[in-house]
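A quick write-up on the structure given underneath.
The values are calculated or read from the model by the stated rules, or taken from the named source; none is laboratory data. On a predicted model such as this, the values are computed, not experimentally measured, just so you know. Quick reminder, even Gly has a Cβ in these numbers, built from the backbone with ideal geometry, and neighbours come from all protein chains shown.
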Amino acid sequence: MRRLFIRSIFSIILLLTFAHVVFADDSCQTNCTYGLSEAEINAYPSPAVEQIYPDDQLLGDRLYRRVNEAVQIFDTPNGNVTGGLDAGFNYVTVQGSQDGWAQINPDQWVLADKLGGATVSRFAGVKITEELPYPVAWILVNVVPSHTPGTEPTDGDLAILRYTLVNIYDSVEIEGWRWYQVGVDQWVHQTKIAKYLPVERSAEVDTHKWVSVDLYEQVVIAYEGTTPVFATLISSGLKDWPTNEGLFHVYVRYPRTIMSGAEGQADFYFLEEVPWTMYFDDDIGLHGTYWHDGFGYRHSHGCVNLSIMDAYWLYNWASDEFDFTVDSDLGPAVYVYSSGVYQ
């Protein structure tokens with residue numbers, strides 16, 4: 001598998017990305033004036049992107065359920081035991097129910113009271129349809145902005161909700177931390193923001209459609225040639241199960257697939273019907289996720305978790321990059337990198 005490391009150009013890319021933002025004077029100590037004016041902000045009050053909205057029919061086409069403990073599997077309700085599922089991080093899809101039993105597959109039934117709920121995320125990314133006048137970012141937690149960088153919020157001010165996409169109008173560093181202006185007298189600490197930072201297309205990217213995965217910002221961007229067309233938040237691998245950096249290609253994909261691992265260990269997991277999966281690095285892939293809503297933070301055993309809406313969009317967008325008329329498994333390039341040091 002070919003690897004691509006171009007860390008040396010990141011500082012240049014970041015400077016170019018933010019070149020049109022007027023940065024505040026970091027050396028200012030007292031009576032400082034930070035940020036853009038109200039008139040300048042009101043000229044571009046919201047990001048110039050096209051939001052993808054959740055499709056209830058798509059999100060609700062499976063009944064996902066958490067398996068709360070080890071269970072036996074029966075061939076019929078009150079029938080014969082034909083198997084079992086050890087305790088772990090396990091989810092199944094329920095196809096029917098009868099008298100306190102849940103059917104999880106043909107001729108496979110479990111007691112319904114062994115199953116818990118699952119909340120499918122309604123988060124979705126955005127299409128990039130034009131050049132953005134300002135850099136954009138997602139708010140990662142419900143946050144009350146400060147009136148000036150480096151200060152506490154004012155009691156009674158309204159919070160900006162998690163997953164809100166905002167413009168970054170200005171930036172200033174205070175005591176080693178970056179603060180971003182996201183509105184009139186609204187400043188947010190860097191740890192509460194995930195930025196959209198397009199990267200330069202490398203000559204080694206050999207497909208027209210390709211995807212970048214920024215492990216630091218936890219953001220995926222889809223490109224056509226050199227043009228970004230889509231961006232969203234992800235959840236990549238945790239420290240003990242990292243997502244590998246490098247240049248890869250999607251080599252196989254499935255609209256639905258089973259994922260499991262760590263059998264016999266404390267972190268055993270079994271996930272039925274994982275949607276819109278595109279494998280690019282052995283058993284690491286981009287795929288839809290119905291078991292958490294923690295996008296913007298690392299969460300996985302190495303895969304790149306996306307919301308179901310985002311995985312569906314990427315899966316369909318990538319379709320014409322595969323040539324099914326020839327014996328080839330070459331799909332879109334996937335470039336995985338870190339724009340910073342993830343703490």
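Computed quantities for the displayed model
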| read-out | value |
| --- | --- |
| Hits in the range 225-259 - residues which are under 15 Å from Thr207 (Cβ atoms), among the β-branched types (Val, Ile, Thr) and more than 18 Å from the chain's Cα centre (by Cα) | Thr226, Thr227 |
| Positions within the range 218-242 being polar (S, T, N, Q) and crowded, with 23+ Cβ neighbours inside 10 Å, in sequence order | Gln218, Thr232, Ser236 |
| Failed condition for Gly156, given (1) touching a Ser or Thr at 6+ places or on another chain (Cβ under 6 Å); (2) of a type in the set (Gly, Ala, Ser); (3) surrounded by fewer than 15 Cβ atoms within 10 Å (Cβ to Cβ) | (1) |
| Matching residues, the range 181-197, being assigned to a loop (DSSP other than H, G, I, E, B) and over 29 Å from Asp281 (Cβ atoms) | Val184, Asp185 |
| Selection count where residues are more than 8 Å from the chain's Cα centre (by Cα) and at negative phi, scope the range 298-309 | 7 |
| Among the candidates Glu272, Glu263, residue that is farther than 22 Å from Ala194 by Cβ, assigned to a strand (DSSP E or B) and not small (Gly, Ala, Ser) | Glu272 |
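Conditions (1) within 23 Å of the chain's Cα centre (by Cα); (2) modelled with pLDDT of 95 or more; (3) assigned to a strand (DSSP E or B), marked per residue:
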residue: Gly156; (1), (2), (3): no, no, no
residue: Arg162; (1), (2), (3): yes, yes, no
residue: Val166; (1), (2), (3): yes, yes, yes
residue: Val172; (1), (2), (3): no, yes, yes
residue: Trp179; (1), (2), (3): yes, yes, yes
residue: Val199; (1), (2), (3): yes, yes, no
residue: Trp210; (1), (2), (3): yes, yes, yes
residue: Val213; (1), (2), (3): yes, yes, yes
residue: Tyr223; (1), (2), (3): yes, yes, yes
